Amino acid sequence: MANGRKYPYQQKIVTFGGGTGHFSLLRGLVELNQPELISAIVGTWDSGGSSGRLRTELGVLPPGDIRQCLLALMEDPKQRQVAQKLFDDRLADIDGPLKGHSLGNLISARLEHIYKGADRGVEAERLLFRIRARVLPVSISELNLMAKLEGGEELEGETNIDLRGEKKGYNSKKKITRIYFETNADPNPEVIQAAVTAEKIVFSMGDLYTSVLPHLLVAGVKEAIEGSKAKVILILNLMTKMGETDNFKASDYLKSFSYYLGDKNRIDVMIANSNGLDSEILKVYKKDKQQPVEVDHAECKKIAPGIKIIEKPLAVYHIREHLFRHDPEELAKTILELS
């Protein structure tokens, strides 16, 4: 019980992710689970947009994903609505070096400067906006994500990897074979502690090679997960993504996680969506070279014999925005009901 509200679940949950997928996951969890028991782990290798500019110009950790998590974890919908307008304001009506920056990113960057550290800055922002769940940068090192492709070509920077599918001359046969950081990635000790003591560790849906898997490259993270008694849960993406997961099936995701975790048996549960899309909408996605991720049960069981696969109708199609997204509450309920 907190703030007079009783939550149906009190579980120690740790989430790893980034982008809109992580946002949806956290929105659902904070509605149903005691907020103080939720720890959202965010990446620090974003190199694009306002985050990338602040990283280069001010030498701060990229604040974009941190901002998204803080927003998702605000419990009062009216507060969240006002904060979203404020955070997303790009200062388009002013001239000078601040033009185009997200105000939310500037607040994060300034607090990091005032409190002399990204972790302390995030904690200050959490207190400022009265957010009870924790948001923890996975590393406090400045990180540059790299990817190696089939044939040996290397890509530098999260944005170049993320957007490679949109570039002219993109060849889907040149798959990503490996991701790594240019320098040592030192862990945030609080992240290690959170993982070791968690009841459930959740890998969010999101861009596989640029939002989710890089967390496992940070020193000590996979070892903490290995040593934890937590149930480890993987949420399967709804759709493939050109440039990262072209033609991927569930087993391909599982293979990647097993490789970076270093243990094919560490993922206990995979949660997949069973909602179909009608043929007209599928055609639109196929034009964008995207398709629903197929759950190939037999292959998954070959990779991880002990894995439990849960398929449920968890997605909603938003007609106006042409977006196929997880339903935050249904997803959270599925995670929290696992025993």
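The values are calculated or read from the model by the stated rules, or taken from the named source; none is laboratory data. It should be emphasised that the depicted structure is a prediction, and the values quoted were computed from it without experimental measurement. When we count neighbours, we look across all protein chains shown, and the Cβ atoms used for this are built from the backbone with ideal geometry, even at glycine.
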Tell me, yes or no, whether segment 152-167 has at least one residue that is surrounded by 13 or more Cβ atoms within 10 Å (Cβ to Cβ), farther than 18 Å from Glu244 by Cα, among the hydrophobic types (A, V, I, L, M, F, W, C) and in contact (Cβ under 8 Å) with a residue 12 or more places away in the chain. no
Quick one: Leu111 ticks every box in (1) farther than 30 Å from Glu182 by Cα; (2) in contact with a Gly (Cβ under 6 Å, 6 or more places away or on another chain); (3) of a type outside the set (Gly, Ala, Ser); (4) modelled with pLDDT of 85 or more except a single one, so which number is it? (1)
Being on the phi > 0 side of the Ramachandran plot and either of a type in the set (Phe, Trp, Tyr) or not in a helix (DSSP H, G or I) (or both) narrows it down to one residue among Asn247, Asn184, Asn265, Asn237; which is it? Asn247
May I ask you to list the residues in segment 199-234 that are under 18 Å from the mean Cα position of the chain (by Cα), part of a loop (DSSP other than H, G, I, E, B) and more than 26 Å from His297 (Cα to Cα)? Val218
List pairs: first in segment 83-111 and on the phi > 0 side of the Ramachandran plot, second surrounded by 11 or more Cβ atoms within 10 Å (Cβ to Cβ) and hydroxyl-bearing (Ser, Thr, Tyr), Cβ under 8 Å, 6+ apart or cross-chain? Gly100/Ser50
What are the residues in segment 283-301 that are at pLDDT 90 or above, of a type in the set (A, V, I, L, M) and within 21 Å of Asp207 (Cβ to Cβ), if any? Val293, Val295
Name the single residue, out of those in segment 323-339 being in contact (Cβ under 8 Å) with a residue 40 or more places away in the chain and not in a helix (DSSP H, G or I), that is farthest from the chain's Cα centre (by Cα). Leu338
